[in-house]
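Quick notes on the structure that follows.
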Amino acid sequence: MNQNESILGHIRVLDFGRYVAGPYCATLLGYLGAEVVRIERPEGGEDRYIAPVTAQGEGAVFMQTGCNKKSITLDLGHPAARPIIEKLVAGADVVVVNLPPASCRSLGLDLASLQRINPRIILATQTAFGEHGPYASRGGFDGVGQAMSGAMYITGTPGSPAKAAAPYVDYATAVLSAFGVLAALMERDRSGSGQQVSAALQATALAVFGSHLIEQGVTGINRVGTGNRVQTSAPSDVFATRDGHLLTHCVGNGLFKRWAKLMDRDNPGELTRWIDDARFQSDDGRGQNSEAILQRMHRWCSTRLTSDALRELDSAGIPAGPVYTPQSALEDPQAAAMRWFTPIEDYPGLPRSAPVPDLPLRFTRSQTGIRQRPPTLGEHTDAVLESLGFDAKQRDLWRADRVI
């Protein structure tokens, strides 16, 4: 790809991230064409080995967050690492770090230290709780954000809170961080100066769950968990079919009338019953009085195969989808038609191609997405350090001392 064919081809990113929120922020910038250099410990970062899929133990998380990156190894705490970091920062545009603020300061990766080297640098940080307040020094993961936003309480049922398996707080934090970096790059074009873009898992989790929290703050309704059942509309739930499950979501009077017409096909006269019922004149009313509606939908689904039920729902204009296994999700024909996955086939030790979700955006002119496989550990250490002016003799000395 030529630089002028990509959106961020003129941008260099240093990825000091670990796990998901930091690394995937850098990955997104790489999808847009930025040159991304991943810096990790000589033994490899923790996120490299989560959910192993290769003979060497590299994991599924790294297969997704490592694409389009160069990899160098560096012991950040070693005194000899300092000149390497300074040279890297001097030629970079963006630094991504999701370490606690105290660790950033001790390693010289805080904004003040970085801008002494390069005043135009943009620092993107991701923490669990932000830089201030009683929890500022605490660490945290995606699940902590889910738990402390109220989402687990409402997702589960009374006495059994439930966490989403998808780490949406981590990935949404990464997306927001990349969004902030793009805004900071635009601002830098005007001012000539860099700045810090700070994201936090707690802030992301509260934002994603925001409408529920607004309702609670205004009304004091104190909802309790209802599992898959939506509390503010109906029929919006998961329903068992003869051979599986499907989810449907009816919001608004228009969709509810379509659903009532569909029920009327089996039992003429039900249309009037549902539409004229005083309890069902709004989403809120249907949500509060959903039992009869849900029972009817359960009966309707229980007599049909999933494919037949989905066909009828689609013909009626009612949004619905099958509850897939992970394997079914990989085999979905729409995902194949849109090429949502890019197969990574040439990573050493990978027993078969890895279906990596590509950038979930499409541009009419700009070339974006996965250009190269994730790097092996330290694959580009020599090339990057040589480009910074460090010769082979110096690199050999550093390697002997476990600096790199």
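FYI, it's all coordinate maths here, none of it is from the lab. Every value quoted in this text rests on a predicted model; they were computed, and no experiment measured them. Every residue, glycine among them, receives a Cβ derived from its backbone with ideal geometry; neighbour counts consider all protein chains shown.
Local charge for L109 was computed over the other residues whose Cβ lies under 13 Å away, with Lys and Arg +1 and Asp and Glu -1, and equals +1.
Calculated FRET efficiency, E345 to Q56, Cβ-Cβ distance, R0 = 22 Å: about 0.85 to the nearest 0.05.
Note on the chain: Lys pairs 8 or more places apart or on different chains, Cα atoms under 25 Å apart, count 4. The eigenvalues of the Cα gyration tensor, multiplied by 5 and square-rooted, give the range 283-360 an equivalent ellipsoid with semi-axes of 37, 14, 12 Å from largest to smallest. Ordering of 211-222, 293-304 by packing is 293-304, 211-222, highest average first (other Cβ atoms within 10 Å, averaged per residue).
Rounded to the nearest whole angstrom, the semi-axes of the ellipsoid equivalent to the range 8-154, taken from the Cα gyration tensor as √(5λ), stand at 24, 21, 15, largest first. Beyond 20 Å, what percent of the Cα pairs of the range 246-404 remain? Tail fraction, whole percent: 69. In the chain, the calculated helix contribution to ellipticity at 222 nm averages -12000 deg cm²/dmol per residue, counting -39,500 (n - 2.57) for every DSSP H run with n ≥ 4.
Between A26, A184, A309, the Gaussian network model of the chain with springs among Cα atoms under 10 angstrom shows the greatest mean-square fluctuation at A309. Annotation: peptides 163-172, 141-150, ranked by per-residue average of other Cβ atoms within 10 Å with the highest first, follow the order 141-150, 163-172. Among beta bridges from DSSP that stay inside the chain, the antiparallel ones total about 40%. All C-alpha to C-alpha distances of the range 50-91, sorted into 10 Å bins beginning at zero, yield P(r) values of 23, 35, 29, 12 percent in whole numbers. Coupling constants for the range 363-378 follow from the phi torsions by the Karplus curve (6.51 cos²θ - 1.76 cosθ + 1.60, θ = phi - 60°), and in residue order they are 10, 6, 10, 7, 7, 9, x, 6, 10, 8, 5, x, x, 6, 4, x Hz; glycine and proline get x. Could you compute how fast the range 245-322 diffuses translationally, taking Rh as the Kirkwood radius over C-alpha pairs and applying Stokes-Einstein at 10 °C with viscosity 1.306 mPa s? Give it in µm² per second. Using the Kirkwood radius from Cα pairs, D works out to 125 µm²/s.
The slack between N222 and R399, meaning 0.36 nm per residue of separation minus the straight C-alpha distance, is 57.8 nm. Across every direction, the projection of the convex hull enclosing the Cα atoms of the range 1-92 has a mean area of 6.3 nm². Averaging 1/r over each pair of different alpha-carbon atoms in the chain and inverting the result gives 24.1 Å, the Kirkwood hydrodynamic radius.
Measuring between their Cα centroids, the range 156-203 and the range 1-61 lie 16 Å from each other.
DSSP beta bridges fully contained in the range 66-222 are about 10 percent antiparallel.
Look at where the Cα atoms of the range 209-278 and of the range 328-388 average out, and the two centres are 39 Å apart. Positive contributions from Lys and Arg (+1) and negative ones from Asp and Glu (-1), summed over other residues with Cβ under 15 Å from the Cβ of V230, come out at -2.
Between S191 and K257, the FRET efficiency estimated from the beta carbon spacing at R0 = 51 angstrom works out to 0.40.
Near L271: Cβ cut-off under 10 Å, other residues only, Lys/Arg at +1 and Asp/Glu at -1. The net charge is +1.
In percent, rounded to a whole number, the relative contact order of the range 245-322 is 47, using alpha-carbon pairs under 8 Å and six or more apart. Of all complete DSSP H helices in the chain, those with a Cα span along the helix axis of 20 Å or greater and a mean Kyte-Doolittle hydropathy of 0.5 or more are 168-191. Rounded to the nearest 5, the antiparallel percentage of DSSP beta bridges internal to the range 1-120 is 10%.
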